[in-house]
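Since the structure comes first, as structure tokens, the remarks are kept for the end.
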Amino acid sequence: MAAAADASGQSAALAPPYRIALFIATGIASGLISGSSRFLLIKESFFTGFFGLAFLGSLLRDQWIVNAYTLMFAGFLLLGGRAADLLGRRAVLIAGLALFTLASLACGLSQSSNVLIVARTIQGLGGAIIAPAALSILTVTFAEGPERNRALAVWGAVAGGGSAVGVILGGLLTQGPGWRWVFFVNVPIGLLTAVLAPRVIAESRDEDRSRSYDVLGAITATAGLVLLVYALVNTGSYGWSSVRTVGELIGAAVLLLLFIVIEARFAAHPLVPLRIFRSRTLSGANVVALLLGLSLFAVFYFLSLYMQQVLSFSPLRTGVAYLPITIGFIVVAGVASSLVNRIGVKWPLVVGMLVTAAAFLLLARLPDHGTYAVDILPAFIVLPLGAGMAFLSVTNAAVAGVEQSDAGMASALLNTSQQVGGAVGLALLATIVTSRTNSVLASDPHTGFAHALVAGFHRGFMVGGCFAIAGAILALLTISRNVGRTERPAEDAWEPSPVRIPEGIAARIAATVESWEGASSHLHSFGDVELRAGERELGYLHGDTLADLLLPANDHDEAIASGLAHPHHLLPESNWVSVHMYDPDQIRDVVALLRSAYERAMRLPLPNLAADST
């Protein structure tokens with residue numbers, strides 16, 4: 001029986017076998033959507049093999065079998081994530097699975113291109129509901145730390161495996177029972193996952209009944225993202241400088257700016273609370289995710305073209321060629337999880353992005369008449385080592401420290417960053433590849449098309465590598481070194497800190513506490529500031545944005561009931577609470593709560609709180 005969720009949205013503990021099943025259920029759900037989209041990376045052979053040249057002519061003009069899915073998936077992620085928070089994450093996941101499965105069945109049964117495109121549109125909507133719900137379920141079910149790191153590792157391995165299996169199946173089915181089974185294969189998997197979910201996943205949602213729907217925010221965000229992706233996927237047909245493309249990009253920018261204004265000024269309960277972007281780690285993680293999408297998503301498209309156009313691989317052989325990437329992602333998931341536990345997400349993310357860039361540099365040397373073992377396989381071994389570590393690390397960073405009521409939104413924000421990055425990257429790199437290819441052909445009329453195409457790929461891979469390097473630099477500058485870290489050095493035993501705390505909110509709060517008789521602070525080597533009254537713990541300051549406080553029972557209950565604080569994510573049944581420090585009012589609240597805890601610990605009367613200021 002599924003465990004129930006408590007009032008705070010924290011799922012009760014599931015038995016270990018159920019937790020394993022939870023990994024698989026959510027992993028398969030995510031693998032379904034990624035595998036469904038990526039098998040069309042071999043779309044040229046898919047189109048010609050199944051629909052014939054007449055159908056190919058109209059289809060390749062707009063590529064709407066691929067674009068319809070991308071458009072809906074990227075455009076509705078934020079809405080899907082907030083729906084999961086408000087309506088229930090398990091319920092929304094099952095609804096998304098049902099929609100995705102029915103759409104897959106409709107794709108397989110379609111008798112015309114128009115029906116197939118409509119079904120793919122609905123399939124993309126189902127995917128936009130599944131993706132944030134699946135990740136947010138893991139976020140609220142598994143406490144931040146080693147448990148969540150392991151969960152994300154297994155989830156990522158299963159989802160990554162599903163993605164690669166989708167590519168392999170795409171090739172296998174093109175030469176097997178028929179194209180319809182590319183879609184039919186999703187049906188039993190989707191049904192199985194939907195049936196399994198209620199048995200192993202506890203329901204959780206934001207229990208604040210006062211929350212209302214941000215209708216204007218939802219409309220402007222969704223319309224802006226849809227228009228942005230629509231403009232990007234059509235750049236191949238109309239060009240970047242066409243009036244149509246420029247107009248669509250301007251329209252998308254206006255809608256997204258309007259969305260920001262609505263969230264900042266008018267929304268009582270915003271779709272995306274802008275306060276979360278005050279966290280440098282969360283903001284940095286989402287930009288790194290966008291750069292990872294910019295660099296990585298297009299690589300599979302170009303590699304599929306290289307293997308089929310230049311090396312004359314069949315669709316099946318192309319799909320099987322990706323097998324080392326699948327194995328690499330699975331192997332790296334466990335290693336990366338252990339590494340994050342020891343040193344946090346920052347350095348695995350930086351190194352992962354640099355290794356991804358190294359894989360691009362290997363691909364930038366592909367020859368006209370290359371071989372798989374010598375020219376492609378080395379990059380296919382290096383790529384998952386870097387990208388697998390980067391994906392796990394950036395996912396962990398993007399959801400760390402987020403309130404459970406915002407878990408679906410944070411998951412959707414991460415997915416949106418990746419998808420928009422992927423759409424921009426594919427459109428931009430395709431333009432660069434095409435431009436370079438045409439330039440080589442124009443410079444020498446006797447140059448073979450394969451040689452010119454490979455020269456274009458070289459330029460595209462080099463630019464992709466630059467995006468990955470930019471992501472590494474950004475991660476180095478923005479990601480806190482303590483996020484995800486659970487193993488703390490033994491030398492961090494308590495003593496009043498002789499090291500000056502870096503200037504900021506935490507330093508000012510620590511100085512205020514130190515002014516109280518018998519109170520002290522200590523800066524740990526992992527960056528947190530511990531506060532004590534004598535030998536008693538008062539709390540921890542995690543940078544300038546989050547405080548964990550140990551309160552007297554009455555203050556604890558009152559702080560939770562008033563919404564001033566939230567139950568601690570690791571110790572929800574204790575007197576520990578978590579309080580964000582995004583604005584002056586919240587900072588004053590933290591000081592007031594610390595004073596109350598100090599008074600109880602020291603049993604001393606205190607002067608007026610107004611005398612203290614941070």
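Only the coordinates and a few stated rules stand behind these numbers; no lab work does. Keep in mind that what you see is a predicted model, and the values were worked out from it rather than measured. Positions of Cβ are backbone-derived with ideal geometry, glycine not excepted, and every protein chain shown enters the neighbour counts.
Label-to-label distance, L476 versus S314, with points set 7 angstrom from Cα along the beta-carbon direction: 4.7 nm. Here's the picture: charge each Lys and Arg Cβ at +1 and each Asp and Glu Cβ at -1 in the range 364-468, and of G465, A373, H446 the one pushed furthest to the positive end of that dipole is H446.
Averaged over residues, the count of other Cβ atoms within 10 Å places the peptides 74-83, 380-389, 426-435 in the sequence 74-83, 380-389, 426-435, highest first. Sorting 300-307, 441-448 by average packing, meaning the other beta carbons within 10 Å per residue, from highest down gives 300-307, 441-448.
So if we plug the beta-carbon distance of L377 and Y238 into 1/(1 + (r/R0)^6) with R0 = 60 Å, what FRET efficiency do we get, rounded to 0.05?
Here the calculated transfer efficiency is 0.95.
Under the combined filter of DSSP loop state and at most 11 neighbouring Cβ atoms within 10 Å, the range 531-565 retains these GluC sites (Glu not before Pro): E535.
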